[in-house]
2 protein chains.
Amino acid sequence: MPSDTFYNLPDEKREKLLRTAIDAFAIAPYEHVSMSQLAQRAGIAKGSLYQYFTDKRELYLYLVQLAADEKLAYLQRVEPPSPDIGMFAYLRWLTEQTLDFQFANPNLYQVAYRALYGDRPFPDASLQGAQEAGIHYFEGLITQGIARGDLRSDLDIELTALLISNFFSQVGNYIVDTLGKETFDRSRGPLGKEAQSQIRQAIGTLLDLLERGIGAQQHDDTGENK
Amino acid sequence: MPSDTFYNLPDEKREKLLRTAIDAFAIAPYEHVSMSQLAQRAGIAKGSLYQYFTDKRELYLYLVQLAADEKLAYLQRVEPPSPDIGMFAYLRWLTEQTLDFQFANPNLYQVAYRALYGDRPFPDASLQGAQEAGIHYFEGLITQGIARGDLRSDLDIELTALLISNFFSQVGNYIVDTLGKETFDRSRGPLGKEAQSQIRQAIGTLLDLLERGIGAQQHDDTGENK
DNA sequence: TGGTCATATGACCAACTGGTCACATCTTGA
DNA sequence: TCAAGATGTGACCAGTTGGTCATATGACCA
């Protein structure tokens, strides 16, 4: 936990520090982010930095937690759709929201993405827990999907959850890959509208693919065996 | 390119060095591998190391190239199946071979995996080229698959290639994830037979999923002909 | 034997890291 | 006005890094 001193900081100063740190951890892996450079870039003394956070590790975990909180807040910003709309419609909604969040907070998103899917900088229960929680969430979703008849009944739940989880991580990956250069260059500016819609379309196609892959087959299952 | 001195080394010494380096780069990202520790662990002086390779970078790229060469040699070890067997059968064969190679050379494989899908330690044309080559390869495969009627004709080739490429990377990922602990603990011993077959089965399921997702639909598309 | 050349070595270097701490400065309340 | 406590600061520390280089070693040949 950051110290009281950190929370007592004038908003502007605190936000500048956070922005600097988020930007740093977004474009480079944990080890490449230097506390000295961070302090310098944020315009504060290194000693101050260590008065706010006991460690580099604490600072980092704080940022990851921040990303998780903001994402959750973002999802709760609107009424979630009724579960009745079916599993794939729900996944589409979730993807849409995730993309929106990512476009609005590219660097914060990137920090979380690295934490979950990149090299883990140090063993940490909360990070591992978050990843497992994601998979468990999908397991629940799949169990429901099967019960409701949205999904094929012969799916291996654990494996499918892993697949979907990876799939969602690929969404992020895809964006970073295809637009990596662009994001790096104008590292803070939002992505162009045309790039955004291009990405949305691609993701939509991928979801279609997933739906065919694991969705209940209207023709095949009933009647003849394959 | 390593120096002549390196190639002149007695086999045993050279291999010990290579093994040490491969092990190091397999379990840790580039930046975490220390040349000093490497030299020490391999039982040679640091100066010698720098007589063989001009840089850390050169050593690393040499290992990656080595992995690529060995994998290629491994694939050419047996006659590849005729392309006529169909796209998915071919993919199955390819996956099988990749798994075999990975089981036989876990650490070498891991080095290559990190190079392709992990954080790229430095900008390098050959690494990027390798990744793109992989995607292009799949693009060719998909184009053929569509022409032959194995695949739906409405697929976005580029996007599907990306998906398959990612899918194959997930194969590696999955293994590392599910068996991470085991691999770390007995870091050189081969995986147990039962673990291997468990993995093969899971991969098979994933391939089924992929086939449903992008394969030509016998029922859906053309109204009930099979 | 002495000379030449490839090879081996580890002390050494500058640059950097995460982290500390004695001290300077500011804010607050009396 | 002054004291006390909170906050800011950057020189400093030990440790590590990638990389260098003068010197030592040893194999080969005359």
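The values are calculated or read from the model by the stated rules, or taken from the named source; none is laboratory data. Bear in mind that the values here come from a model prediction, so they are computed numbers and not experimental data. As a convention, Cβ positions derive from the backbone with ideal geometry for all residues, glycine included, and neighbour counts pool all protein chains shown.
Going residue by residue through the range B:122-136, is there one that turns out to be in a helix (DSSP H, G or I) and within 28 Å of B:GLN201 (Cβ to Cβ)? Yes, the range B:122-136 contains a residue that is in a helix (DSSP H, G or I) and within 28 Å of B:GLN201 (Cβ to Cβ). Specify the residue that is nearest to A:ILE27 (Cα to Cα); the eligible residues are those in the range B:120-136 that are within 14 Å of chain A (Cβ to nearest Cβ) and free of Cβ contacts under 8 Å to residues at least 60 places away in the same chain. For the range B:120-136, the residue satisfying everything is B:ARG120. For beta carbons closer than 6 Å, sequence separation of 6+ or different chains, a first residue in the range B:26-38 that is under 14 Å from B:LEU61 (Cα atoms) and a second that is more than 8 Å from DNA strand D (Cβ to nearest atom), the qualifying pairs are B:ALA26/B:ASN107; B:ALA26/B:GLN110; B:ALA26/B:VAL111; B:PRO29/A:ASP119; B:TYR30/B:PRO121; B:GLU31/A:GLU31; B:VAL33/B:ALA24; B:VAL33/B:PHE25.
More than 14 Å from chain A (Cβ to nearest Cβ) and modelled with pLDDT of 95 or more: is that true of B:GLU79 in this structure? When the stated conditions are applied, B:GLU79 does not pass them. Answer yes or no: is there a residue in the range A:45-56 that is more than 14 Å from chain B (Cβ to nearest Cβ) and either more than 13 Å from DNA strand C (Cβ to nearest atom) or basic (Lys, Arg) (or both). Yes, some residue in the range A:45-56 is more than 14 Å from chain B (Cβ to nearest Cβ) and either more than 13 Å from DNA strand C (Cβ to nearest atom) or basic (Lys, Arg) (or both). The single condition from (1) exposed (fewer than 15 other Cβ atoms within 10 Å of the Cβ); (2) near DNA strand D (Cβ under 10 Å from one of its atoms); (3) within 20 Å of B:PRO121 (Cα to Cα) that B:GLY47 fails is (3).
Counting the residues of the range A:23-44 that are near DNA strand C (Cβ under 8 Å from one of its atoms) and aliphatic (A, V, I, L, M) gives 3. A single entry from A:ASP55, A:ASP69 fulfils the requirement of being of a type in the set (Asp, Glu) and within 16 Å of DNA strand D (Cβ to nearest atom): A:ASP55. Residue count for the range A:137-156 satisfying the condition of being within 14 Å of another protein chain (Cβ to nearest Cβ), part of a helix (DSSP H, G or I) and surrounded by fewer than 16 Cβ atoms within 10 Å (Cβ to Cβ): 0. The sole residue among B:TYR117, B:TYR74 that is away from chain A (no Cβ under 14 Å) and either within 16 Å of DNA strand C (Cβ to nearest atom) or within 30 Å of B:PHE167 (Cα to Cα) (or both) is B:TYR74.
Going through the range A:20-41 one residue at a time, which ones are away from every other protein chain (no Cβ under 14 Å) and either closer than 20 Å to A:MET1 by Cα or away from DNA strand D (no atom under 16 Å from the Cβ) (or both)? Scanning the range A:20-41 gives A:THR20, A:ALA21, A:ILE22, A:ASP23, A:ALA24, A:MET35, A:LEU38, A:ALA39. Scanning the range B:51-64 for residues that are of a type outside the set (Lys, Arg) and surrounded by fewer than 16 Cβ atoms within 10 Å (Cβ to Cβ) yields B:GLN51, B:THR54, B:ASP55, B:GLU58.
Here A:GLY86 meets each of (1) out of contact with any helix residue (DSSP H, G or I) (no Cβ under 6 Å at 6 or more places or on another chain); (2) away from DNA strand D (no atom under 16 Å from the Cβ); (3) at negative phi with one exception, condition (3). Screening A:LEU91, A:LEU72 for residues that are buried (at least 18 other Cβ atoms within 10 Å of the Cβ) and of a type in the set (A, V, I, L, M) leaves exactly one candidate, A:LEU91. Of all residues in the range B:44-73, which are within 16 Å of the chain's Cα centre (by Cα) and among the acidic types (Asp, Glu)? Listed by number, the residues that qualify are B:ASP69, B:GLU70. Restricting attention to the range A:190-201, the residues that are assigned to a helix (DSSP H, G or I) and surrounded by fewer than 18 Cβ atoms within 10 Å (Cβ to Cβ) add up to 8.
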